[in-house]
Amino acid sequence: MANYKEIVTKAIIGKGKKHFTTTSTVTPEVNPTTILGCWVINHTFSGHSENNSIVIEGSYDVNIWYSYDNNTKTSVIVKTFSYDDELNIKLKNPSNASDIIVRALTAPNVSKAEAVGTTVNLKVEKEMGAEIVGDAKVRVSVEEDYDDYDEDDNIEINEDY
């Protein structure tokens, strides 16, 4: 007859991911003619639990390189964007949650940037993931059908094994 033991350990008790798309408008000091380049840098974020979901708070800088004055001059705009994104993760027992690990599965990237009149319209996409770490119990079967031995016992080792 086997006995059972419970092992309490930390494990991932919930995880999820979500794709986010954000549209924004930036107004430069001069009217843009053409967008020459656009990139995202300095992405920082953190997550916390709120109302049975994970709220990811973060920010990133968008650099927009554009031409103006009928494509005779260029300039760069640097704009910081902040976000609060919500990620729903279902847990059987939310009270077991102890740590939240948030990762950028796909870093923020400008998928579309266009000059429209006096503004620049941006479409930024990113994919975020979160894992919730908490206490978990594992039940294992333990057989107590073994012989106890002392370190002083002479044990023969078959080296040809």
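The values are calculated or read from the model by the stated rules, or taken from the named source; none is laboratory data. Computed from a predicted structure; not experimentally measured. Using ideal geometry, Cβ is built from the backbone for each residue, glycine included, and neighbour counts are taken over all protein chains shown. Side chains included, ligands, DNA and RNA excluded: accessible areas come from the protein's heavy atoms. Shrake-Rupley method; radii C 1.70, N 1.55, O 1.52, S 1.80 Å.
The number of residues in segment 124-145 being within 19 Å of GLU57 (Cα to Cα) and basic (Lys, Arg) comes to 1. Apart from one condition, ASP84 fits all of (1) open to solvent by less than 80 Å² (accessible area, probe 1.4 Å); (2) over 16 Å from THR106 (Cβ atoms); (3) not hydroxyl-bearing (Ser, Thr, Tyr); the exception is (1). Residues in segment 126-134: is at least one open to solvent by 20 Å² or more (accessible area, probe 1.4 Å), touching a residue at least 12 places away in the same chain (Cβ under 8 Å), of a type in the set (Asp, Glu) and closer than 13 Å to PHE20 by Cβ? Scanning segment 126-134, I find at least one residue that is open to solvent by 20 Å² or more (accessible area, probe 1.4 Å), touching a residue at least 12 places away in the same chain (Cβ under 8 Å), of a type in the set (Asp, Glu) and closer than 13 Å to PHE20 by Cβ, so the answer is yes. Residue pairs, Cβ under 6 Å, 6 or more apart or interchain, first in segment 1-24 and without any contact (Cβ under 8 Å) to a residue 24 or more places away in the chain, second acidic (Asp, Glu). List them. No pair meets every condition. Here is the figure for segment 30-71: residues that are farther than 16 Å from ASN121 by Cα, open to solvent by 20 Å² or more (accessible area, probe 1.4 Å) and modelled with pLDDT of 95 or more total 8. Counting only strands (runs of 3 or more DSSP E) wholly contained in segment 31-148, the ones carrying 3 or more residues that are of a type in the set (Gly, Ala, Ser) occupy 32-50, 53-68, 97-116, 119-142. Residue-level check: of (1) out of contact with any strand residue (DSSP E or B) (no Cβ under 6 Å at 6 or more places or on another chain); (2) loosely packed, with under 12 Cβ neighbours inside 10 Å; (3) touching a residue at least 40 places away in the same chain (Cβ under 8 Å), SER75 misses just (2).
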